[in-house]
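Reading through the structure tokens given below for one structure.
The values are calculated or read from the model by the stated rules, or taken from the named source; none is laboratory data. Keep in mind that what you see is a predicted model, and the values were worked out from it rather than measured. All Cβ positions, glycine included, derive from the backbone under ideal geometry; neighbour counts span all protein chains shown.
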Amino acid sequence: MAFDFETLLSAELHDIKNQMQALLSVQEDLADELVGHERYQESLDKIQQHSQVLNYKLIEMLSILKIQHQSFEPSEDEHWLIDTLNPIIHEFYNLHAMTFELDFDEEFNAFYDEQLLEIALHNVFVNANQAGAQVFKIKVEEFADGGWLIRIEDDGPGFNEEQLEKGAFSLHGTKSGLGLYLIEQAIKAHKRNDKMGSIRIQNNPKQGACVQLIFP
Amino acid sequence: MADLSTMLVNKRILAIDDLVESRSAMKKMLTILGAETVDVAMDGDEASDYILNNDYDLIISDYNLGRGRDGQQILEEARFTHQIKATCTFVMLTGENAMDMVMGAIEYEPDDYITKPFTIDVMRQRLTRILTIKEMLRPINEAMDRQDRKTILALCDQLILAQPRLKRRVERIKGRTLLKLNKFEEALALYDSILQEREINWALLGKATCLFKLEQYPQSEKVLNHTLREHPKYVQCYDLLSKIHLKNKDLKSAQNTLISATNVSPKQVLRQMELGRLAYANKDFTVAESAFKMSVKLARHSCYRSVKNYLFFAKSLQHKISPSNNRDSRNGSSEAFKAVEEAKTLYKENTDYVFEATIIESTTFTNLGKEADAKAVANKAEELLTHVNNPSGAMQLSMVNVLLDTNQHAKAQDILAQLDKRKDLSRSETRELTRTRNEISEQVVREYTTEINDKAIACFERGQLQQAIDLFDQATAYKEAGHTVIVNAIQAKVTFMEQREPSHRMLQEVDALLLRLGDLPAHDERYERWLQLKQTQTRLKRVI
């Protein structure tokens, strides 16, 4: 019998996920126990930061494995955007002191693959942070045909001419290429009645970049 | 949104995970979030016990629970048996890459999924959302627990107006309720309106179900095929597709469709059972065997456990059992015996089931070529049958077949005579009866009695009179037994009484045989012998 690497890999990943889950939980316990012990706080913060990044990297890796799988289908379900967004912005606030202004109805809900959107948002924020952005404004627009978009504006330097000219595709070759490739794949995986998702990048007239994730 | 700790504080919560660290982590997390009463269970069995003995408001279960049942099975059983109320919130934790993580039946879906690994932030956010929604749906769920479907419909319409953001969730409940009320036209219109906006998988399945119920099979099939192209893991579509094939009397396609479904979702008991039954009817015993094996395994500790699984499993193994003693046969028979034993132990109170199991046990011995064992067990079955009040035609038929297999034709004939008098046989039972009858033609019986006759003569000639008498008794038990056999039987008994001593019982038996024979004409080659035997019988009667 041929060796079934996929099953093996899947079992290993399952284990890693459980370990990660346990680690996150022990951290919570520790944080609980160390309340009031200021001298440990700095180390604890660092541990938490690293494990959050590690956790995210794991999710990202799982998503890459998922997207590259031939039979991959996004699992689009109804979610409340604020539920998806809140844990991510908390994390970026804690890690990089990035601030977010949310300018949409907290009750806004829509159909999307939550994990894919998490990947996309994460990448948008990481890229912007690397470019030097600190302040973000997030808006939602709904269309009459049921489609919608998230607009993310930042206070960074914005995209350069070449990037703007070639659109999102141009970014594949850059250092953060994998991230942008993932954003695009994640959004494009969303389909509805012959339409598919897309991303659009532009610069704001005053300052900063503007990324739009458009869902069908 | 409401504060999570306020929502959790009065809730009775059950957390299910197979890993000890995850269990305690989950409990800790819930406690930090404000929960006060959290039970933890490590597997399906423990969870079932807890669910049976408590009234939970919130259950959080990992999907993958190691070797036993998974989270989906726990949910299905709990909802199926109404051990948890519709108002109870069920949240499933999933690892993303679990290939066999599939949605269960529509009515058995969890209220929410949370993907592992998750942080406490994610947990807080998701629990707050789902518990808030669940609270808004409370009146509907309470009506669901009362099975008050009219109220459900009225409340759904109200809530769609009051909470437009919950429209899809409420419409989903509404569609399901309309289906339960057999309002298929109305349900179809609802699903169509949803599908115009977005192709949601449950709306597609809902539409296909309506079309099926309205007997528009080709249209239903088209919707299902389309849904499966878009959502290959939506296994319930296969179930409905299989039903359409059955309606079209295409059993083979029905079976193949269910095979596709079990490939995607191997752990669903009811589907495995259905596949087993179809494959068995199609005489595809290899598929039947594996489906029933899986059913037995999956249902062993669940509410779906059924004697049929064990018995069909043992029956579907018979195709590989032979007297050749090869490995297939050895394994097959040992599995069959094991299944039969388990069925007998589990259902020992039910004579019908024990009888059925015993019948299969005898057949297994027959197929193994172990005639003596087969016969002994057949006799046990016969004994059991006498304790069954009003045995069914099917039971009598299977008794007949086993008696025939163990060469007990006379007994078989008796039961066949009873079956002939029955007026309640189904069409298939009548067919089976005719088939059985055709197999035991008079010719076969005559050949058989002749064979016994030959053996009996050999015993007689060696002076083994008692053995000879026993064999002749067997042969004369058949009404088809010929004159030669009867004369021989008389001779054996008369000789026995002459050599040993006469007995009233044996004299009566000889009388009965003489009566059955009637008067032989003088030209008959057995005439002289018959006459002499009659005289000896008369003499013996005087002696006693």
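Tabulated data for the structure shown
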{"read-out": "Check on B:Phe312, within 26 Å of B:Thr177 (Cβ to Cβ), of a type in the set (Phe, Trp, Tyr) and not in a loop (DSSP other than H, G, I, E, B)", "value": "no"}
{"read-out": "Filtered residues of region B:460-483 (kept if over 44 Å from the mean Cα position of the chain (by Cα), under 19 Å from B:Ala410 (Cβ atoms) and surrounded by 18 or more Cβ atoms within 10 Å (Cβ to Cβ))", "value": "B:Ala468, B:Ile469"}
{"read-out": "Leading residue by the ranking (nearest to B:Val494 (Cα to Cα)) among those in region B:519-539 that are modelled with pLDDT under 90 and of a type outside the set (D, E, K, R)", "value": "B:Leu520"}
{"read-out": "The listed residue being at the interface with chain A (Cβ under 10 Å from one of its Cβ atoms), surrounded by fewer than 17 Cβ atoms within 10 Å (Cβ to Cβ) and either modelled with pLDDT under 90 or under 24 Å from A:Met61 (Cα atoms) (or both), out of B:Asp121, B:Asp62", "value": "B:Asp121"}
{"read-out": "Residues (more than 23 Å from B:Val170 (Cβ to Cβ) and away from chain A (no Cβ under 14 Å)) located in region B:232-247", "value": "B:Tyr238, B:Asp239, B:Leu240, B:Leu241, B:Ser242, B:Lys243, B:Ile244, B:His245, B:Leu246, B:Lys247"}
{"read-out": "Count of region B:29-42 residues which are in contact with an Asp or Glu (Cβ under 8 Å, 6 or more places away or on another chain) and farther than 17 Å from B:Arg126 by Cβ", "value": "3"}
{"read-out": "So A:Leu116, is it surrounded by 15 or more Cβ atoms within 10 Å (Cβ to Cβ), part of a strand (DSSP E or B) and either on the phi > 0 side of the Ramachandran plot or not charged (D, E, K, R) (or both)", "value": "no"}
{"read-out": "Residues satisfying the stated conditions in region A:177-216, i.e. away from every other protein chain (no Cβ under 14 Å) and of a type in the set (Gly, Ala, Ser)", "value": "A:Gly177, A:Gly179, A:Ser198, A:Gly208, A:Ala209"}
{"read-out": "Considering residues of region B:152-191 that are within 14 Å of chain A (Cβ to nearest Cβ) and of a type outside the set (A, V, I, L, M) only, the residue farthest from B:Glu230 (Cα to Cα)", "value": "B:Gln163"}
{"read-out": "Among the candidates A:Gly132, A:Gly146, residue that is on the phi > 0 side of the Ramachandran plot, surrounded by fewer than 19 Cβ atoms within 10 Å (Cβ to Cβ), more than 13 Å from chain B (Cβ to nearest Cβ) and touching a residue at least 24 places away in the same chain (Cβ under 8 Å)", "value": "A:Gly132"}
{"read-out": "Inter-residue pairs, beta-carbon under 6 Å, first more than 10 Å from every other protein chain (Cβ to nearest Cβ) and in region B:16-44, second among the aliphatic types (A, V, I, L, M) and in a loop (DSSP other than H, G, I, E, B), 6+ apart", "value": "B:Asp43/B:Leu65"}
{"read-out": "Hey, B:Tyr56 touching a Leu at 6+ places or on another chain (Cβ under 8 Å), hydroxyl-bearing (Ser, Thr, Tyr) and more than 14 Å from chain A (Cβ to nearest Cβ) or not", "value": "yes"}
{"read-out": "Region B:376-407, residues that are buried (at least 19 other Cβ atoms within 10 Å of the Cβ) and more than 25 Å from the chain's Cα centre (by Cα)", "value": "B:Leu404, B:Thr406"}
{"read-out": "Subset tally (residues that are part of a helix (DSSP H, G or I) and closer than 24 Å to B:Asn379 by Cβ) for region B:436-459", "value": "14"}
{"read-out": "Residue match in region B:430-441 (condition: of a type in the set (Ser, Thr, Tyr) and over 30 Å from the mean Cα position of the chain (by Cα))", "value": "yes"}
{"read-out": "Matching residues, region B:196-216, being within 14 Å of chain A (Cβ to nearest Cβ) and of a type in the set (S, T, N, Q)", "value": "B:Gln196, B:Asn201"}
{"read-out": "Whichever residue in region A:41-53 is farther than 27 Å from B:Leu19 by Cβ and surrounded by 13 or more Cβ atoms within 10 Å (Cβ to Cβ) and, among such residues, is farthest from the other protein chains (Cβ to nearest Cβ)", "value": "A:Gln41"}
{"read-out": "Lone unmet requirement of (1) over 14 Å from the mean Cα position of the chain (by Cα); (2) of a type outside the set (Ser, Thr, Tyr); (3) within 27 Å of B:Thr94 (Cβ to Cβ) for A:Val126", "value": "(1)"}
{"read-out": "Sole exception among (1) more than 14 Å from chain A (Cβ to nearest Cβ); (2) among the basic types (Lys, Arg); (3) without any contact (Cβ under 8 Å) to a residue 24 or more places away in the chain for B:Arg229, by number", "value": "(1)"}
{"read-out": "Qualifying position, being touching a residue at least 24 places away in the same chain (Cβ under 8 Å) and assigned to a helix (DSSP H, G or I), among B:Glu361, B:Glu383", "value": "B:Glu361"}
{"read-out": "Whichever residue in region B:337-361 is more than 22 Å from B:Thr386 (Cα to Cα) and either in contact with a Phe, Trp or Tyr (Cβ under 8 Å, 6 or more places away or on another chain) or in the same structural domain as B:Gln73 (by TED's automatic domain parsing) (or both) and, among such residues, is surrounded by the most Cβ atoms within 10 Å (Cβ to Cβ)", "value": "B:Ala339"}
{"read-out": "Qualifying residue in region B:490-508 (condition: closer than 30 Å to B:Gln535 by Cα and of a type in the set (Phe, Trp, Tyr))", "value": "yes"}
{"read-out": "Residue identified as within 9 Å of another protein chain (Cβ to nearest Cβ), at pLDDT 85 or above, under 22 Å from the mean Cα position of the chain (by Cα) and outside any helix (DSSP H, G or I) among A:Glu73, A:Glu78", "value": "A:Glu78"}
{"read-out": "Number of the condition not met by A:Gln27 [criteria: (1) under 20 Å from B:Leu127 (Cβ atoms); (2) more than 8 Å from every other protein chain (Cβ to nearest Cβ); (3) crowded, with 19+ Cβ neighbours inside 10 Å]", "value": "(3)"}
{"read-out": "Qualifying residue in region B:514-534 (condition: within 21 Å of B:Lys455 (Cα to Cα), part of a helix (DSSP H, G or I), free of Cβ contacts under 8 Å to residues at least 40 places away in the same chain and among the aliphatic types (A, V, I, L, M))", "value": "no"}
{"read-out": "Top-ranked residue of region A:83-95 - restricted to ones that are within 8 Å of chain B (Cβ to nearest Cβ) and modelled with pLDDT of 90 or more, ranked as nearest to A:Tyr56 (Cα to Cα)", "value": "A:Asn86"}
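This table checks each residue for (1) more than 9 Å from every other protein chain (Cβ to nearest Cβ); (2) surrounded by fewer than 17 Cβ atoms within 10 Å (Cβ to Cβ).
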position	(1), (2)
A:Leu13	no, no
A:Leu34	yes, yes
A:Arg39	yes, yes
A:Glu60	yes, no
A:Leu65	no, yes
A:Ala97	yes, yes
